[in-house]
Amino acid sequence: MKSITDTFKEKKLKLTPQRIAVYKYLKSTKEHPSAETIYRTLQPDFPTMSLATVYKALNTFVEVGLVQELNVGEGNFRYDSNVHSHPHIQCITCGKVDDIDLVSLTELNNKVSEFTDYTILSNKVYFYGICKDCKSN
């Protein structure tokens, strides 16, 4: 997997301290934060960074394949630095989003391709439920 530096050099993009901070934050968390969450988290260390800068950085990362954008139906996007195809599950009570790493989408892709005669290029799979923390409350 290419580094952010290699990817940005290859695409002739400028690698700013703000972009590095956004990317490092995404790589450091298993959460699937929104742009607003990333902005609030980085604000103490980057007080001059705007929310628009965070959005632009995230859009660039999505375009170059370093980050995937998730739409779990909240009206805004979440972001995941794990770009490999994998399903997600969201708690309908607290909104937490988790990866489901044990499920391979290859078999599902093959079945869908076989059934529809489409060549599957990509997919997004979301499950919805109630997490164990919310169940115990």
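A short reminder: the numbers here are calculations on the coordinates, not readings from a lab. Predicted, not measured: the structure shown is a model, and the values here were computed from it. Positions of Cβ are backbone-derived with ideal geometry, glycine not excepted, and every protein chain shown enters the neighbour counts.
Say a site is exposed when it is one of the trypsin sites (Lys or Arg not before Pro), sits in a DSSP loop, and has at most 15 other Cβ atoms within 10 Å; what is then the longest site-free stretch of the chain?
Numbers: sites that count: LYS2, LYS11, LYS12, LYS14, LYS30, LYS96, LYS124.
With a cap of 15 other Cβ atoms within 10 Å, the longest stretch comes to 31-95.
Exactly which GluC sites (Glu not before Pro) in segment 58-137 are in a DSSP loop and have at most 12 other Cβ atoms within 10 Å? Don't skip to the answer; put the middle values down first.
Numbers: sites: GLU63, GLU69, GLU74, GLU107, GLU114; in loops: GLU74.
Answer by residue number: GLU74.
Please name which of THR116, TYR25, GLY129 has its Cα lying farthest along the dipole of the chain towards the positive end, using unit charges on Cβ (Lys, Arg +1; Asp, Glu -1) and the Cα centre as origin.
It is TYR25, whose Cα lies furthest towards the positive end.
Taking the alpha-carbon distance from LYS30 and a cut-off under 19 Å, which lysines remain once sequence neighbours fewer than 8 residues away in the same chain are dropped?
LYS96, LYS124, LYS132
Rounded, prolate or oblate: which fits segment 35-97 when a ≥ b ≥ c are the square roots of the eigenvalues of the alpha-carbon gyration tensor, with rounded for a/c under 1.5 and prolate only if a/b beats b/c?
Working: a/c = 2.29, a/b = 1.34, b/c = 1.71.
Oblate.
What is the spread of the Cα atoms of the chain along each of their three principal axes, largest first, in whole Å?
Its Cα atoms span 49, 45, 24 Å along the three principal axes.
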